[in-house]
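Colleague: Have a look at the structure that comes next, please.
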Amino acid sequence: MATNKLTEIYNILVETFGPQHWWPGDTTFEIIIGAILTQNTSWSNVAKAIDSIKKAGLMSAEKLYRLDNSQLEPLIKAAGYFRLKSKRLKNFLNWFFDNYQGNFENIQRVSTDYLREQLLSINGIGPETADSILLYGFGRARFVVDTYTSRIMARHGLIEPGADYNSLQYLFEANLPSDVKTFNEFHALLVCIGKDFCKPKAKCDKCPLRHLPHDIEPEYF
């Protein structure tokens with residue numbers, strides 16, 4: 001049942017919104033930077049911070065690794081919480097250079113599960129950020145869960161309200177083919193519908209999924 005319903009949701013969203021080409025970024029490193037900076041802010045603010053780094057000619061792991069926090073903070077100010085995010089970026093960079101010599105090729109042979117454990121051990125990187133890095137940065141098949149995912153899945157009766165991150169992730173990974181492209185598109189499409197329709201105050205009358213049955217009334221979210 002869950003497999004069929006998830007597939008139906010995915011097909012409707014693809015037909016409605018088309019391919020999302022997410023995560024935006026020219027390189028693996030840029031995608032990772034975006035995943036860390038997007039915590040608690042909008043993508044438009046992250047894009048400004050990334051543009052600032054690029055204009056300074058510093059969009060490389062080695063260059064940012066050699067910067068002091070005091071030099072990095074002004075570059076990412078647009079992303080908000082810039083002091084905290086500067087520390088988180090440096091934590092990632094220190095891990096990257098300490099364990100993989102700042103070379104992404106050295107990560108290719110590492111298993112996805114072990115790599116996820118390592119990412120979660122970095123101060124400031126939680127499950128959503130770690131899985132975003134894995135899926136979008138490293139091309140590993142891990143489904144990314146966010147607030148939109150939780151709300152939409154609960155409203156359509158696929159998960160209990162308030163389900164934890166691991167339960168939500170399992171819902172997708174157990175019922176869909178383990179495919180990077182599908183996981184990528186599905187997450188991006190859920191963000192689309194969550195942002196524009198499946199808000200805390202839902203716009204069900206205009207939602208592309210309005211013909212699917214709701215197991216729980218939207219106003220309870």
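The values are calculated or read from the model by the stated rules, or taken from the named source; none is laboratory data. The structure presented is a predicted model; accordingly, all values stated were derived computationally and were not measured. Glycine also receives a Cβ, built like all others from the backbone with ideal geometry; neighbour counts cover every protein chain displayed.
Colleague: Can you tell me how many residues in the range 41-52 are surrounded by fewer than 20 Cβ atoms within 10 Å (Cβ to Cβ) and more than 12 Å from the chain's Cα centre (by Cα)?
Modeller: Start the filter on the range 41-52 by keeping residues that are surrounded by fewer than 20 Cβ atoms within 10 Å (Cβ to Cβ), which leaves 41-45, 47-48, 51-52.
From what's left, more than 12 Å from the chain's Cα centre (by Cα): 41-42, 44-45, 47-48, 51-52.
Going through the range 41-52 one residue at a time, the tally reaches 8.
Colleague: Can you give me the number of residues within the range 27-55 that are outside any helix (DSSP H, G or I) and free of Cβ contacts under 8 Å to residues at least 12 places away in the same chain?
Modeller: 1
Colleague: Moving on. Just to be sure, is V145 closer than 22 Å to F17 by Cα, within 14 Å of the chain's Cα centre (by Cα) and surrounded by 22 or more Cβ atoms within 10 Å (Cβ to Cβ)? Full working, then the answer.
Modeller: Details: closer than 22 Å to F17 by Cα: yes; within 14 Å of the chain's Cα centre (by Cα): yes; surrounded by 22 or more Cβ atoms within 10 Å (Cβ to Cβ): yes.
Spelling it out, V145 is indeed closer than 22 Å to F17 by Cα, within 14 Å of the chain's Cα centre (by Cα) and surrounded by 22 or more Cβ atoms within 10 Å (Cβ to Cβ).
Colleague: Can I ask one more? Applying the selection to the range 7-26, what residues are under 16 Å from the mean Cα position of the chain (by Cα) and polar (S, T, N, Q)?
Modeller: The answer is Q20, and nothing else.
Colleague: With respect to the numbered conditions (1) within 26 Å of V110 (Cβ to Cβ); (2) not assigned by TED's automatic domain parsing to the domain that holds E117, which one is the sole condition not fulfilled by L189?
Modeller: (1)
Colleague: With the condition kept exactly as written, say whether any residue in the range 195-214 is within 30 Å of L93 (Cα to Cα), of a type in the set (K, R) and not in a helix (DSSP H, G or I). Quick ask: steps written out before the conclusion?
Modeller: So the first thing to find is which residues in the range 195-214 are within 30 Å of L93 (Cα to Cα), and the list is none.
No, that holds for no residue.
Yes/no per residue for (1) β-branched (V, I, T); (2) over 30 Å from L212 (Cβ atoms); (3) part of a helix (DSSP H, G or I):
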{"position": "S86", "(1), (2), (3)": "no, yes, yes"}
{"position": "L89", "(1), (2), (3)": "no, yes, yes"}
{"position": "N99", "(1), (2), (3)": "no, yes, yes"}
{"position": "N123", "(1), (2), (3)": "no, yes, no"}
{"position": "L158", "(1), (2), (3)": "no, no, no"}
{"position": "L168", "(1), (2), (3)": "no, no, yes"}
{"position": "A174", "(1), (2), (3)": "no, no, yes"}
{"position": "P177", "(1), (2), (3)": "no, no, no"}
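Colleague: Looking only at the range 75-84, how many residues end up being under 18 Å from the mean Cα position of the chain (by Cα) and outside any loop (DSSP other than H, G, I, E, B)? Outline the logic, then answer.
Modeller: The initial filter retains those residues of the range 75-84 that are under 18 Å from the mean Cα position of the chain (by Cα), namely 79-80.
Adding the requirement that they be outside any loop (DSSP other than H, G, I, E, B) leaves 79.
Total satisfying the criteria: 1.
Colleague: Identify the single condition in (1) within 17 Å of G194 (Cβ to Cβ); (2) of a type outside the set (A, V, I, L, M); (3) in contact with a Gly (Cβ under 6 Å, 6 or more places away or on another chain) that G25 does not satisfy, given that it satisfies every other one.
Modeller: (1)
Colleague: Just the residues that are under 17 Å from P200 (Cα atoms) and either buried (at least 19 other Cβ atoms within 10 Å of the Cβ) or not charged (D, E, K, R) (or both), please, taken from the range 160-180.
Modeller: P161, G162, A163
Colleague: Surrounded by 16 or more Cβ atoms within 10 Å (Cβ to Cβ), at pLDDT below 95 and more than 16 Å from P161 (Cα to Cα): is that true of C198 in this structure?
Modeller: Criteria not met by C198.
Colleague: Right, another one. Could you please give the count of residues in the range 37-87 that are more than 18 Å from S132 (Cβ to Cβ) and of a type in the set (G, A, S)?
Modeller: Qualifying residue count, the range 37-87: 7.
Colleague: Another question, then. Checking V144 against (1) of a type in the set (A, V, I, L, M, F, W, C); (2) modelled with pLDDT of 95 or more; (3) touching a Phe, Trp or Tyr at 6+ places or on another chain (Cβ under 6 Å): exactly one of these is not met. Which one?
Modeller: (3)
Colleague: May I ask you to say which residue of L115, L93, L58 is among the aliphatic types (A, V, I, L, M), in a helix (DSSP H, G or I) and either free of Cβ contacts under 8 Å to residues at least 24 places away in the same chain or farther than 19 Å from P127 by Cβ (or both)?
Modeller: Result of the check over L115, L93, L58: L93.
To keep it simple, each residue is scored yes or no on (1) in contact (Cβ under 8 Å) with a residue 24 or more places away in the chain; (2) within 21 Å of A174 (Cα to Cα); (3) surrounded by 20 or more Cβ atoms within 10 Å (Cβ to Cβ).
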site: N106; (1), (2), (3): no, no, no
site: S111; (1), (2), (3): no, yes, no
site: G124; (1), (2), (3): yes, no, no
site: S132; (1), (2), (3): yes, yes, yes
